[in-house]
Amino acid sequence: MKRAVPALIVTLLAVASLVACSPSASDTKPETQDVVRVPADASLTDAGALVADGGIILISSGTYTESLDVRADDVTVRGEDRNGVILDGELTRSNGVVATGERITVENLTVRNFLQNGVLITGVTDENGAGVARGPDGYLPDQSPPPVPGYLVQSVTANNNGLYGIYAFNRTDGVIQDNIASGGSDSGIYVGQCEECNALVQNNVITMNAAGLELANASAVTVTGNRIVDNRIGISVLSNYLEAHGPTAGVQIVGNVISDNNAVETPEQAGGAFGVGIGLGGTVDAVVRANLITGNSSVGVWVTSSEDFAPTGTSVSGDAFSGNALDIAFAPSATAPGADNCFDIDSTVTVEPAGLSGCATTGGTFVQPSAPAGIMFSKVAFPAERPGLDSMDDKPRTLPATVEMPDLSTVEIPAADMLADPIS
């Protein structure tokens with residue numbers, strides 16, 4: 001004999017079935033917008049989840065003690081006033097802007113006082129989809145994901161950040177231009193882990209960092225038209241096993257001012273370097289040409305090995321050297337000596353080993369002098385007036401599908417005051 005099911009229970013079961021088949025609140029995504037205005041439409045924290053693919057986040061003037069996480073594609077993050085839109089980490093937040101989507105633009109704002117990065121453009125995410133970079137919470141080098149294409153960071157002021165001011169990681173087809181990066185505890189600008197980066201770093205002022213510009217396992221990067229002064233080391237290019245895609249190959253450093261990289265009131269550089277203009281560690285086919293390299297208290301250009309990565313195919317030619325303790329040091333290790341490293345220089349250039357010229361087969365010894373003690377990144381001074389601090393105009397910016405590199409064949413040695421500070 002079947003027992004009848006009470007009507008009330010039938011009704012409840014029917015409702016439960018409908019609920020089970022309906023999307024829950026956690027399954028539904030909020031409607032996205034093509035234009036998200038901060039703070040009119042959303043807080044800075046919420047804007048990243050609200051913006052649609054191809055949309056724009058417009059940030060009004062103000063100081064925002066928040067972070068922005070953008071995961072959509074083809075998004076532009078734009079401040080309405082470079083000096084008036086300030087993302088301040090208050091030395092308690094990790095990152096200012098984190099972007100993981102394809103073809104991301106960040107422009108016309110200031111990021112400061114973050115414990116890690118001012119702007120992080122990354123192709124690596126954690127299990128929750130949040131952007132991460134290298135380190136124990138990031139990835140294993142032999143398990144790195146495919147790189148993510150497209151980024152543009154321009155007219156950004158990044159100062160006093162605990163790792164990097166502007167950081168592009170596991171990305172391709174990027175441009176970093178017209179920025180000021182200062183007070184970085186590791187470096188002002190960093191590009192890392194990309195086998196074919198196709199990246200352009202141009203027209204930036206990079207100053208008062210442990211390292212000005214750092215490229216690690218970052219191949220096919222062009223560095224031109226930058227003012228890289230008053231850091232502990234101006235440019236550090238290296239190959240290592242902490243990231244995938246070593247060695248670094250095909251970096252071109254052409255037409256930059258790289259001077260006086262011996263600033264004491266800066267964070268200590270992790271490798272202990274001080275007074276170095278350009279350091280090339282275990283690089284392949286690096287080109288250093290038409291740079292003004294002056295006033296570096298240790299060495300202007302240092303070519304060496306990095307772990308078992310050997311310097312190979314280095315070309316140094318047509319640079320202007322003056323006021324360096326030593327202009328060029330070629331000092332690979334005995335276990336990774338490299339080959340085809342060529343120096344087209346005249347007798348006025350001071351070198352180690354003595355007589356270095358042409359394509360060197362034998363290196364010398366170079367001992368990095370002890371570095372003076374540094375200061376906390378948060379204590380690095382940032383002058384009120386800097387070149388390029390003007391806000392961008394309001395014309396729309398578009399990110400090209402691929403980055404077109406400038407013609408470097410006609411680049412000449414820049415004037416010492418290129419992008420120099422105005423006298424206030």
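The selection criterion, being of a type outside the set (D, E), part of a loop (DSSP other than H, G, I, E, B) and under 16 Å from G192 (Cα atoms), holds for L242. Take the residues in the stretch 173-204 that are farther than 17 Å from P406 by Cα and in contact with a Pro (Cβ under 6 Å, 6 or more places away or on another chain); name whichever of them is surrounded by the fewest Cβ atoms within 10 Å (Cβ to Cβ). Looking at residues that are farther than 17 Å from P406 by Cα and in contact with a Pro (Cβ under 6 Å, 6 or more places away or on another chain), I get S185.
Of all residues in the stretch 264-284, those satisfying the criterion of being assigned to a loop (DSSP other than H, G, I, E, B) and surrounded by 21 or more Cβ atoms within 10 Å (Cβ to Cβ) are T266, P267, Q269, A273, F274, G275, G282, T283. Criterion applied to A325, A329 was being in a loop (DSSP other than H, G, I, E, B) and either modelled with pLDDT of 95 or more or closer than 25 Å to V229 by Cβ (or both), and the one residue passing it is A325. Quick test for you: out of G150, G131, pick the one residue that is at pLDDT below 95, touching an Asp or Glu at 6+ places or on another chain (Cβ under 8 Å) and crowded, with 21+ Cβ neighbours inside 10 Å. From the options G150, G131, the qualifying one is G131.
Being closer than 28 Å to A210 by Cβ and not charged (D, E, K, R) is a description that does not apply to P353. The one condition from (1) in contact with a Phe, Trp or Tyr (Cβ under 8 Å, 6 or more places away or on another chain); (2) closer than 21 Å to G225 by Cβ that A336 does not meet is (2).
The values are calculated or read from the model by the stated rules, or taken from the named source; none is laboratory data. Because the structure is predicted, anything quoted here is derived from the model rather than measured. Quick reminder, even Gly has a Cβ in these numbers, built from the backbone with ideal geometry, and neighbours come from all protein chains shown.
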